[in-house]
Structures are given as structure tokens and as C-alpha cells.
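The values are calculated or read from the model by the stated rules, or taken from the named source; none is laboratory data. This one's a predicted model, so the numbers in the text were calculated from it and none came from an experiment. Here the Cβ positions follow ideal geometry from the backbone for every residue, glycine too, while neighbour counts run over all protein chains shown.
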Amino acid sequence: MEVKIDDILYNAFILHCYGKSIDEIVEKRKKCDWFIPIANGKGIYIEYWGMKTQKYLEERKEKEELYNKYNIPYISIEQDDPKHDTQTFKSNLLRELKTKAIEHFGFMPEWKK
């Protein structure tokens, strides 16, 4: 699934980084799955939650709490979402990126559809 997400971003000409440190979180070093820069070093993070172990779920909870604490825009993608294998997934991901960009940065980047 991670390759599919990365391919969607790449094919839409969306500049992105994989495994970047989340700079806004100061008390702990955390890395995201993907980072999409929007303006002035800030951007939107994407997390693909692909495991269900207890340790992983605790890490997820902590990371989501930190995203919310610092009002960091992020998109959650669940491993068991039934829409992963459809064109709808691509459309929904790109729409959510644009919506978050407008909400948090006041404009919509121009990306290929």
C-alpha cells in the first residue's frame, strides 16, 4: 500500500518526502510516513497505519495526540480501508490534500489530477 500512496503522489506531481522528521513536535523525535511541503517549510503529513501490534497502536495514539496538540495537518490512511484498490482512493486522497491545504494555509496548490 505504501508504494501505491507514493505512486499517487508522484504521478500527480506532488513534491513529497518519505520518513521526514516532524519538526513541529519538539518534545519527542517523530517521523512521518510522508510530508507534502506547502509553504515556508510547513506542510501536510500523511500517515499510513499498517500494523495492529500493541506497541504500534500505542505509538500511533501518541503520534496522533501530538499532531492534534500542535494543530499539525495530517491525513490518516487505515490498512483495512476497503477503498484502497479503487480510483476513489486516489481521488479522495488528492481531495483531502487540497482541503487541508486550504484549511491550514489558505490556498490550494496546483497539482495534476
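Computed values, structure above
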{"read-out": "Residue count for the stretch 63-76, restricted to those that are surrounded by 12 or more Cβ atoms within 10 Å (Cβ to Cβ) and either of a type in the set (Lys, Arg) or over 18 Å from residue 103 (Cα atoms) (or both)", "value": "3"}
{"read-out": "Test for residue 75: is it under 16 Å from the mean Cα position of the chain (by Cα), of a type in the set (Val, Ile, Thr) and farther than 21 Å from residue 5 by Cβ", "value": "no"}
{"read-out": "Among (1) farther than 19 Å from residue 108 by Cβ; (2) in contact (Cβ under 8 Å) with a residue 12 or more places away in the chain; (3) surrounded by 13 or more Cβ atoms within 10 Å (Cβ to Cβ) - the single one residue 81 does not satisfy", "value": "(2)"}
{"read-out": "Flag if residue 61 is modelled with pLDDT under 90, over 17 Å from residue 2 (Cβ atoms) and among the basic types (Lys, Arg)", "value": "no"}
{"read-out": "Residue that is surrounded by the fewest Cβ atoms within 10 Å (Cβ to Cβ) [pool: residues in the stretch 4-52 that are of a type in the set (Gly, Ala, Ser), part of a strand (DSSP E or B) and without any contact (Cβ under 8 Å) to a residue 60 or more places away in the chain]", "value": "21"}
{"read-out": "Subset of the stretch 53-62 (residues that are loosely packed, with under 10 Cβ neighbours inside 10 Å and either assigned to a loop (DSSP other than H, G, I, E, B) or of a type in the set (A, V, I, L, M, F, W, C) (or both))", "value": "53"}
